[in-house]
1. Among the residues of region 33-51, how many are without any contact (Cβ under 8 Å) to a residue 40 or more places away in the chain and either in contact with a helix residue (DSSP H, G or I) (Cβ under 7 Å, 6 or more places away or on another chain) or under 12 Å from residue 73 (Cβ atoms) (or both)?
2. Any idea which of (1) in a loop (DSSP other than H, G, I, E, B); (2) closer than 18 Å to residue 85 by Cβ is the one residue 42 doesn't satisfy?
3. Looking for whichever is surrounded by fewer than 14 Cβ atoms within 10 Å (Cβ to Cβ) and at pLDDT 90 or above here; the options are 52, 92. Which one fits?
């Protein structure tokens, strides 16, 4: 844990809020302390360190998105500054292995 945030995997580029965190809260990150520039809702993400535009964003050690802008350490990471990196060929399957009808 890093203050009110969780590090889910050692390779992650983000931290996940375990409660709503107020704007201005000081967080000690790898690059040094930062004051959160905005409130972070429960279960939302912040950058663990500076993330450059075009860089994969890792959660659980796996890519979940790609930064669409430079994201400074401590900034909110969400749809406004990342896009999905899930593969378009992923299909959900029911427990019996049959497609659940979700299109590619």
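The values are calculated or read from the model by the stated rules, or taken from the named source; none is laboratory data. What you see is a predicted model; the values in this text were computed from it and never measured. Cβ coordinates were reconstructed from backbone atoms using ideal geometry, including for glycine residues, and neighbour counts include every protein chain displayed.
1. Quick first cut of region 33-51, residues without any contact (Cβ under 8 Å) to a residue 40 or more places away in the chain only: 33, 35-45, 47, 49-51.
Add one more test, that the residue is either in contact with a helix residue (DSSP H, G or I) (Cβ under 7 Å, 6 or more places away or on another chain) or under 12 Å from residue 73 (Cβ atoms) (or both), and what stays is 33, 35-37, 47, 49-51.
Final tally of qualifying residues: 8.
2. Of (1) in a loop (DSSP other than H, G, I, E, B); (2) closer than 18 Å to residue 85 by Cβ, only one is false for residue 42: (2).
3. Numbers: 92 fails: at pLDDT 90 or above.
After applying the criteria, what remains is 52.
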